[in-house]
Number of protein chains: 2
Amino acid sequence: MEQTNGNVSNGAHGETNAFLRQLFEMMLTEGIEKGLSRDSKVVEFKHPKDLEKIMNLKIDGEGASDQDLLDVCSDVIKYSVKAGHPHFFNQLFGGIDQYSLGGSWLTDCMNTSQYTYEVAPVFTLMEKVVLTKMLELIGFNDGDAIFTPGGSMANMYAINVARFQRYPEVKQVGMAGVPKLCLLTSDKGHYSFKKGASFLGIGMDNVIPVKTNDGGKMIPVELETKILELKEQGLEPYFVNATAGTTVLGVFDPLDEIADICKKYGLWMHVDAAWGGSVLLSQKHKHMMKGIERADSMTWNPHKMMGPPLQCAAFLTRHKDLLKDCHCANARYLFQQDKFYDVSYDTGDKAIQCGRKVDALKLWMMWKAKGDSGFERDVDKLIELSRYLTNQMRNREGFRVVAEPECTNVCFWYIPPSLRGQEETSEWWQKVAKVAPVIKQRMTEQGTMLIGYQPDGDRVNFFRMIVSNMSAEIEDMTFVVNEIERLGKDL
Amino acid sequence: MEQTNGNVSNGAHGETNAFLRQLFEMMLTEGIEKGLSRDSKVVEFKHPKDLEKIMNLKIDGEGASDQDLLDVCSDVIKYSVKAGHPHFFNQLFGGIDQYSLGGSWLTDCMNTSQYTYEVAPVFTLMEKVVLTKMLELIGFNDGDAIFTPGGSMANMYAINVARFQRYPEVKQVGMAGVPKLCLLTSDKGHYSFKKGASFLGIGMDNVIPVKTNDGGKMIPVELETKILELKEQGLEPYFVNATAGTTVLGVFDPLDEIADICKKYGLWMHVDAAWGGSVLLSQKHKHMMKGIERADSMTWNPHKMMGPPLQCAAFLTRHKDLLKDCHCANARYLFQQDKFYDVSYDTGDKAIQCGRKVDALKLWMMWKAKGDSGFERDVDKLIELSRYLTNQMRNREGFRVVAEPECTNVCFWYIPPSLRGQEETSEWWQKVAKVAPVIKQRMTEQGTMLIGYQPDGDRVNFFRMIVSNMSAEIEDMTFVVNEIERLGKDL
Ligand SMILES: Cc1ncc(COP(=O)(O)O)c(C=O)c1O
Ligand SMILES: Cc1ncc(COP(=O)(O)O)c(C=O)c1O
């Protein structure tokens with residue numbers, strides 16, 4: 001048996017599992033039980049230079065001992081942000097679910113790549129099961145889908161397969177062979193369309209913003225006007241993105257009306273539901289995505305509202321063979337056609353990746369553990385909490401809700417007493433703009449909770465509070481309001 | 001405390017960790033100890049339709065019990081390929097290292113995204129440490145780097161930043177605004193350049209293959225000839241990929257000579273060292289990458305030879321601000337400039353992704369555990385094993401080595417007794433072509449080992465045996481030769 005001094009070349013056997021055992025106990029007690037308790041801090045913040053000093057991250061010529069490594073692990077837990085903590089509201093993800101965490105751990109234990117059935121038999125079938133469920137919920141009954149490393153990549157898949165469907169030659173000859181393509185998305189759409197257009201050789205300038213109303217939803221008539229304008233300019237609009245659950249305000253573009261326009265002009269309709277897609281799990285709330293079944297494709301990130309660990313995101317389309325036709329390169333060393341099993345189960349050539357991390361097992365496990373009804377209850381609960389919080393803020397002096405929430409984003413300004421009851425000039429708004437960064441600094445330094453803020457269009461800095469954490473309860477909503485007040489009332 | 005019936009909305013607390021505990025024990029005993037023992041099968045193969053029947057993968061309306069879930073987990077282990085098994089030689093990855101596995105588990109336990117220091121303080125610093133080490137080993141002393149979801153994506157990063165460096169306007173206006181670009185890579189280069197060129201709007205036809213010699217290395221004079229030819233045709237070659245460790249034969253293109261040509265014609269030199277990059281860890285073998293410090297960029301997948309779980313791949317470049325300049329979109333909701341800490345630590349805008357899985361911790365842990373010297377010993381050992389195997393094959397009747405190995409790929413035909421001593425006509429080769437698929441089927445069905453095969457250029461189907469598994473020993477090399485013979489001698 002090998003020793004546990006850290007220098008073993010393969011620590012998978014016998015006593016060397018000692019390290020894993022100790023780490024496991026540490027994760028359960030420090031990471032999960034203590035770390036996520038409401039009495040613990042969400043973050044023990046240190047500035048980069050200080051953290052570099054506290055944690056000795058240098059790697060040496062010789063290996064470290066198990067004890068040294070466990071000490072580092074303990075510091076990793078201590079100084080990392082507790083994204084699973086019930087007071088973490090900073091991002092569109094949060095919380096910890098033991099089943100998906102277990103699924104993740106098992107994935108890494110089996111460590112394989114999702115490209116062929118040959119090396120990923122179980123995971124290939126599991127991917128099929130969860131993606132089929134997602135396709136059914138959308139209403140893409142004979143479609144196809146794939147997990148991608150994030151929603152941004154899924155949006156890029158959409159931009160690419162839509163381009164290929166219209167001009168199949170683009171795969172071989174590139175953009176040189178096709179007209180000047182452009183795509184449309186609302187001015188509240190996610191920035192991945194810009195990054196994507198740039199990466200895919202279309203160019204950021206050819207991502208045309210469509211105006212939104214005060215609530216942040218795309219205005220259909222503005223979309224139609226833009227399409228006509230662009231055509232007049234000799235550009236070729238080919239792709240419209242509707243956002244279902246915008247990143248900041250959390251609202252849903254009107255899918256049915258956008259679908260009508262896409263149909264009229266023969267444009268690909270993509271729906272970026274990276275964030276909002278999970279409302280499809282709820283009978284009560286899925287109406288927000290009415291019309292989704294008419295789209296050509298959709299992005300859906302389970303790792304946001306559903307809660308499995310990053311990364312878990314899918315690109316889904318109604319067009320059956322398109323992913324394969326658009327992306328295949330027929331690499332002979334991987335996708336041999338003379339294998340002895342049914343090679344239609346090899347999914348790798350549908351991807352733009354080669355090795356592809358298994359992202360299906362953790363979602364499958366979680367879904368199996370909860371059942372459809374469990375996920376439905378979760379989504380309903382998160383939305384309910386966000387409505388409760390909005391009402392609290394409406395009834396509390398100093399809080400001003402930015403827009404009517406649809407998804408679980410609650411966006412608000414906090415107006416400290418010193419700024420209340422004054423004329424709301426632009427100077428006044430400039431003062432309000434400075435409030436959120438200070439409160440954010442204080443909450444971070446004190447570690448009591450984490451909520452993001454940003455300006456948005458004409459609106460100065462406001463908080464974007466996200467309820468995406470299954471361990472959050474009514475009491476945590478009340479905590480947020482009180483805590484914002486506590487941290488900001490002297491400003 | 002919540003119950004363990006699988007319907008809990010958040011299973012992170014108290015008794016509900018019961019599931020994780022049981023799963024943990026199962027992973028250690030069934031997944032690692034039993035699963036990776038030489039007495040166990042590498043795979044318990046079932047055809048897709050049969051496996052669908054054996055494993056009940058259907059997800060229901062109501063949640064499953066912990067016991068049901070654990071039963072599935074047990075089946076996941078049973079029917080998955082054991083990529084950590086000492087007789088798994090099928091891919092460029094393999095093996096299990098307890099430190100990187102632990103690092104992976106801890107990553108998922110802390111579940112955050114790598115985009116901002118705000119939500120990933122420790123991981124941001126760790127990413128910096130390991131990437132800096134990698135940059136130093138390459139000799140990019142003032143460069144920049146980022147983890148990407150796989151080597152294919154890293155290669156696409158290269159194609160993109162090189163394009164941007166030459167024509168910064170491409171970011172805004174797309175390919176319409178630039179000349180007809182093309183890129184060169186050897187005819188043994190990885191297929192991700194084709195997928196990438198297609199995805200990035202350059203087109204597969206504009207990936208120009210450069211001839212290789214019999215050993216599979218790019219011929220520099222062919223490169224130069226092609227460049228001149230392309231220019232004559234009015235195309236603009238802008239990017240040359242040299243492969244360091246080709247996918248099938250595992251050889252290294254002559255970097256110094258290619259660097260001379262790139263310099264002469266002002267072309268970006270990328271080195272796809274997804275597979276071979278790890279030889280830089282060895283004093284003895286790093287000469288294979290002589291000249292790497294002259295490249296503009298490099299792809300390096302630690303998840304291949306170094307052994308942390310998928311995904312762990314990096315794009316590295318000598319050009320300091322290029323990643324940021326090329327990819328930034330300045331999303332205001334994420335990369336606020338009025339944060340109270342030094343925002344130069346926010347790395348997210350260098351990526352084309354938004355949410356980015358933390359891939360640094362597992363590599364950091366493994367490297368810290370082994371030290372530089374441990375990794376060096378590992379790499380030396382793997383190469384030594386591959387040389388030992390090659391020699392065995394040279395001295396054993398019926399084995400024919402395809403090419404002189406450099407990396408740890410050992411490519412060979414097995415010529416069964418019935419085909420020995422005959423004239424090697426094309427009919428004869430057609431018969432040889434049928435040998436590997438049958439042996440592969442038998443080894444899979446019997447589960448004794450896994451080795452891939454493929455044709456390559458004019459060469460008919462041959463085995464590509466990869467030594468990438470730190471738990472493999474001399475005895476396993478002997479096993480391979482005997483086992484191939486046992487499985488194929490009647491053919
Ligand atoms: C030489 C080479 N480059 C790139 C890649 C792609 O790496 P990944 O599978 O991580 O996308 C591979 C994969 O085998 C490879 O062999
Ligand atoms: C609406 C929307 N689309 C896409 C994305 C990108 O998803 P990912 O971070 O997985 O790339 C986000 C991320 O927040 C988002 O809010």
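Please report A:Ser65, A:Ser186, A:Ser471, B:Ser192 as a ranked list, fewest other C-beta atoms within 10 angstrom at the top and most at the bottom.
Values: A:Ser65 14, A:Ser186 27, A:Ser471 23, B:Ser192 30.
Result, fewest neighbours first: A:Ser65, A:Ser471, A:Ser186, B:Ser192.
Whole-Hz ³J(HN,Hα) for each residue in the stretch A:159-174, computed from phi via Karplus 6.51 cos²θ - 1.76 cosθ + 1.60 with θ = phi - 60°, x for glycine and proline: what do you get?
Along the stretch A:159-174, the couplings run 4, 6, 5, 5, 4, 5, 4, 6, 10, x, 5, 4, 4, 8, 9, x Hz.
Could you go through the stretch B:430-437 in sequence order and give the Karplus-derived ³J(HN,Hα) for each residue, using 6.51 cos²θ - 1.76 cosθ + 1.60 with θ = phi - 60°, rounded to whole Hz, and x for Gly and Pro?
Result, ordered by residue: 4, 6, 4, 4, 8, 6, 4, x Hz.
Within 10 Å of each Cβ of A:150-158, how many other protein chain Cβ atoms are there on average?
3
Which percent, nearest 5, of DSSP beta bridges in chain B are antiparallel?
55
For the stretch B:195-270 and the stretch A:194-224, what is the centre-to-centre distance using only Cα atoms, to the nearest Å?
37
If you find the alpha carbon centre of the stretch A:416-432 and of the stretch B:304-351, how far apart are they in angstrom?
37
Normalised by the residues of chain A, what does the relative contact order come to in percent, with Cα pairs under 8 Å and at least six apart?
Result for chain A is 20 percent.
Please give the net charge around B:Ile415, taking every other residue with its beta carbon less than 10 angstrom from that of B:Ile415, where Lys and Arg add +1 and Asp and Glu add -1.
On the way: positive: B:Arg400, B:Arg420, B:Lys431; negative: B:Glu397, B:Glu424.
Counting the neighbours of B:Ile415, the net charge comes to +1.
Counting partner chain Cβ atoms within 10 Å of every residue's Cβ in A:72-80, what's the average?
5
Based on Cβ point charges of +1 for Lys and Arg and -1 for Asp and Glu, what charge dipole magnitude is obtained for the stretch A:20-86 about its Cα centre, in debye rounded to the nearest 20?
400
Work out the mean other chain Cβ neighbour count within 10 Å for the residues of A:89-95 and drop it here as an integer.
4
In whole Hz, with x marking every Gly and Pro, tabulate ³J(HN,Hα) for the stretch B:238-252 from phi via Karplus 6.51 cos²θ - 1.76 cosθ + 1.60, θ = phi - 60°.
Each residue's phi maps through the Karplus curve to give 9, 8, 10, 9, 9, 9, 10, x, 6, 4, 8, 7, x, 9, 10 Hz.
Viscosity 1.567 mPa s, temperature 4 °C: what is the translational diffusion coefficient of the protein assembly as shown from Stokes-Einstein with a Kirkwood Rh over Cα pairs, rounded to a whole number of µm²/s?
45
Out of residues 5 or more away from A:Ser186 or on other chains, whose amide H comes under 5 Å of its own, with H placed 1.01 Å from N in the peptide plane?
A:Val210, A:Thr243
Provide the net charge surrounding B:Arg394, with neighbours chosen by a C-beta distance below 12 Å and charges set as Lys +1, Arg +1, Asp -1, Glu -1.
It works out to a net charge of +1.
For an R0 of 30 angstrom, estimate the FRET efficiency from the Cβ-Cβ distance between A:Phe340 and B:Asp39 and round to the nearest 0.05.
0.75
What net charge do the residues around A:Val130 carry, taking every other residue with its C-beta under 13 Å from that of A:Val130, with Lys and Arg at +1 and Asp and Glu at -1? Intermediate values should be presented prior to the final figure.
Numbers: positive: A:Lys128, A:Lys133, A:Lys362, A:Lys368, A:Lys370, B:Lys58; negative: A:Glu127, A:Glu136, A:Asp359, A:Asp372.
That sum, taken over residues with Cβ under 13 Å, equals +2.
Sequence gap at least 6, Cα distance under 8 Å: using those rules, report the relative contact order of the stretch B:197-237 to the nearest whole percent.
In percent, rounded to a whole number, it is 21.
Would you mind working out the magnitude of the charge dipole of chain B relative to its Cα centre, with +1 at each Lys and Arg C-beta and -1 at each Asp and Glu C-beta, to the nearest 20 Debye?
Dipole about the Cα centre, nearest 20: 760 debye.
Mind checking the dipole of the stretch A:277-368: about its Cα centre, +1 per Lys or Arg Cβ, -1 per Asp or Glu Cβ, Debye to the nearest 20?
Values: 15 positive and 9 negative charges, 98 e Å.
The calculated dipole for the stretch A:277-368 is roughly 480 debye.
What's the Cα-based Rg to Rh of the stretch A:115-240, Rh via Kirkwood?
Dividing the radius of gyration by the Kirkwood radius yields 1.04.
On a 27 Å Cα-Cα criterion, which of the cross-link pairs A:Lys431/B:Lys357; B:Lys53/B:Lys82; A:Lys324/B:Lys320; A:Lys195/B:Lys368 come out too long?
From the list (A:Lys431/B:Lys357; B:Lys53/B:Lys82; A:Lys324/B:Lys320; A:Lys195/B:Lys368), the Cα-Cα distance tops 27 Å for A:Lys431/B:Lys357; A:Lys324/B:Lys320; A:Lys195/B:Lys368.
Cα gyration tensor of the stretch B:56-187, axes a ≥ b ≥ c as square roots of the eigenvalues: rounded (a/c below 1.5), prolate (a/b > b/c) or oblate?
Working: a/c = 1.93, a/b = 1.81, b/c = 1.07.
Prolate shape, in that a/c is at least 1.5 and a/b is the bigger ratio.
Can you give the direction-averaged projected area of the convex hull of the alpha-carbon atoms in chain A, in nm²?
It is 26.9 nm².
What per residue convex hull volume, in Å³, do the alpha-carbon atoms of the stretch B:20-86 yield?
88
Using modelled backbone amide H atoms (1.01 Å from N, in-plane), which distant-in-sequence or interchain residues come within less than 5 Å of B:Ala314's amide H?
Those lying under 5 Å, H to H, from B:Ala314 are B:Thr148, B:Trp300, B:Asn301.
Could you tell me the relative contact order of the stretch A:423-477? Use alpha-carbon pairs under 8 Å, at least six residues apart, and round to a whole percent. Could you put the intermediate results ahead of the total?
Details: 40 pairs, mean separation 15.9, N = 55.
RCO, the stretch A:423-477: 29 percent.
Once you have a ≥ b ≥ c as the square roots of the Cα gyration tensor eigenvalues for the stretch A:103-367, tell me rounded if a/c is under 1.5, and otherwise prolate or oblate according to whether a/b is larger than b/c.
oblate
May I ask which residue of chain B has the beta-carbon nearest to the axis carrying chain B onto chain A, and at what distance in whole Å?
Measuring from each Cβ to the axis, the minimum is at B:Gly201, 1.
Counting only residues 5 or more places away or on other chains, whose amide H sits under 5 Å from the amide H of A:Gly174 once H atoms are built in the peptide plane?
B:Gly203, B:Met204
For the pairs A:Lys133/A:Lys171; B:Lys171/B:Lys350; A:Lys46/A:Lys440; A:Lys128/A:Lys304, note any where the Cα-Cα span goes beyond 22 Å. Present the calculation step by step, with values, prior to reporting the outcome.
On the way: A:Lys133/A:Lys171 30 Å; B:Lys171/B:Lys350 14 Å; A:Lys46/A:Lys440 14 Å; A:Lys128/A:Lys304 20 Å.
Long pairs (Cα-Cα over 22 Å): A:Lys133/A:Lys171.
Just so you know, all these numbers are worked out from the coordinates, no wet-lab data involved. Predicted, not measured: the structure shown is a model, and the values here were computed from it. Glycine also receives a Cβ, built like all others from the backbone with ideal geometry; neighbour counts cover every protein chain displayed.
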